[in-house]
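The values are calculated or read from the model by the stated rules, or taken from the named source; none is laboratory data. This structure is a prediction, so every number in the text was calculated from the model and none was measured. Cβ placement follows ideal geometry from the backbone for every residue including glycine, while neighbour counts extend to all protein chains displayed. With ligands, DNA and RNA removed, areas are computed over all heavy atoms of the protein, side chains included. Shrake-Rupley method; radii C 1.70, N 1.55, O 1.52, S 1.80 Å.
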Amino acid sequence: MEEQAKFPELPSVEKIKKLIAEYEIADLKKVSFNKLSVQLRKLKWIPILTAKLNKGYHIERARINETDEIFYSETDISYRNDYENIKTYGRANMKHQSLFYGAIESDVIKHPRLINLLETSQIFRNLDKVKVDKADFVMTIGKWRIKENIEVAEMVFNKESIKNSKDVEKSFNYHLGNLTKEHPENLEQFRLILEFFSNQYAKKNIDKIEEI
């Protein structure tokens, strides 16, 4: 008896490439979130790869201080709760949604606060446009210790990230090996989808991300 396909509704490689191409040429400033969601749902299946952050590990989170602003408590530097003021999209959050953005040590960057600096500071995002004498700001760092193991999604199929980080390369090879073993008939389709989402999370132009 012939074995049935595990993912019969998964689009063909050609269809997935077409959907991704349509997204990449679209002017995201003019595309509504609902329309974008409908387009992405045509993928039918989106694989989520995960990793584990172990108990005892540390996550660092940064907040930029406004002029004369001082943070006094954990609440001040934890995730935002002024939901009505979150009016743009972030790497992982929607409008009016708060998430805990933080950084961990990697093989490339040993001090997570450097990653926080690059992610939160408009000055460091736009070094080519900022005058040196105007590059003055204060940033507050908080350090959280993980009390229980946490399972998190991994976006490790971006080619530049694989090339630049041994940690990412190791995770990529691990997940690719599992997909090759468990889903060889859909490997190329899943690889395209994973690469697409990894590329979105790896974008350097944060301002453009916040507009979608």
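When the Kirkwood radius is taken over all Cα pairs of segment 12-114, what Stokes-Einstein diffusion coefficient follows at 4 °C and 1.567 mPa s, in µm²/s?
After rounding, the answer is 73 µm²/s.
Could you give the distance between the Cα centres of segment 166-194 and segment 11-46, to the whole Å?
21
Tell me the angle of helix 166-182 to the major Cα principal axis of the chain, expressed in degrees between 0 and 90 and rounded to the nearest ten.
20
Charges only on Cβ, +1 for Lys and Arg, -1 for Asp and Glu: so what's the dipole of the chain about the Cα centre, in debye to the nearest 20? List each step's numbers first, then the result.
Working: 36 positive and 34 negative charges, 41 e Å.
Dipole magnitude for the chain comes out near 200 debye.
What is the extension gain from Lys163 to Ser32, computed as 0.36 nm multiplied by their sequence separation minus the C-alpha to C-alpha distance, in nm to one decimal? Walk me through the intermediate numbers first.
Details: separation 131, 0.36 × 131 = 47.16 nm, distance 3.36 nm.
Answer, rounded to one decimal: 43.8 nm.
Ordered by packing density, taken as the mean number of other Cβ atoms within 10 Å over each peptide's residues, highest first, how do 171-179, 40-48 rank? It would help to have the intermediate numbers written out before the result.
On the way: 171-179: 15.8, 40-48: 13.4.
My ranking of the peptides, most packed first, is 171-179, 40-48.
Between the helical axis of 13-25 and the dominant principal axis of the chain, each derived from Cα atoms, what acute angle in degrees is found, rounded to the nearest 10?
30
If you roll a 1.4 angstrom probe over the protein chains with everything in place, what fraction of the accessible area of the chain belongs to carbon and sulfur, to the nearest %?
Working: 7830 of 14970 Å².
Whole-percent figure for carbon plus sulfur exposure: 52.
Evaluate the distance, in nm, between pseudo-label points positioned 7 Å from the Cα of Lys87 and of Ile141 along their respective Cα→Cβ axes.
Placing both labels 7 Å beyond Cα along the Cβ direction yields 3.2 nm.
From Cα pairs below 8 angstrom and at least 6 apart in sequence, can you work out the relative contact order of the chain, rounded to a whole percent? Could you put the intermediate results ahead of the total?
Numbers: 240 pairs, mean separation 66.2, N = 212.
Relative contact order of the chain: 31 percent.
Setting aside same-chain residues fewer than 8 positions from Lys42, which lysines have a Cα under 18 Å from its Cα?
Lys6, Lys15, Lys17, Lys18
Placing +1 at every Lys and Arg Cβ and -1 at every Asp and Glu Cβ, with all other atoms neutral, what dipole size does segment 1-102 have around its Cα centre, in debye to the nearest 20?
On the way: 18 positive and 15 negative charges, 102 e Å.
Magnitude of the dipole: close to 480 debye.
Starting from one equal scatterer on each C-alpha and no solvent at all, send me the Debye-based log10 I(q)/I(0) for the chain at q = 0.13 Å⁻¹, two decimals.
-0.93
In degrees from 0 to 90, rounded to the nearest 10, what is the angle of the helix 187-201 Cα long axis to the longest principal axis of the chain?
Rounded to the nearest ten degrees, it is 20.
Per residue, how much accessible area does the chain have with a 1.4 Å probe, in Å²? If you can, show how the numbers build up before the last one.
Numbers: 14970 Å² over 212 residues.
Per residue, the chain has an accessible area of 71 Å².
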